[in-house]
Amino acid sequence: MDFNSEILIKFGNRVRELRKLKNLSQEELAFRADVHRTYIGMIERAEKNITLLNIEKIANALEVSINDLFNETRN
């Protein structure tokens, strides 16, 4: 796995994790972030290389800091 796909996978997994912690559907998160409903699924499946503007929208919609989107949980 190259670095580009690895970071997309990690980011998508983190978005999914935070979304589920907030009990939000992909559709509800998309509505709150003002992005298309299929976009969230594409991010979570690492199919999209998300822009900084959309990272900010998603962080705001999840009510977390941008930094929180990049911090992996430690088990």
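Points worth noting:
- Projecting the Cα atoms of Asn23, Phe11, Thr51 onto the dipole axis of segment 3-67, where Lys and Arg carry +1 and Asp and Glu carry -1 at the beta carbon, places Asn23 farthest toward the positive end.
- Percentage of interatomic Cα-Cα distances in the chain larger than 14 Å: 56
Read-outs throughout are calculated quantities, based only on the coordinates presented, and are distinct from any laboratory measurement. Note that the structure is a prediction, hence the values are computed from the model and not measured. Virtual Cβ from ideal backbone geometry, glycine too; neighbours counted across all protein chains shown.
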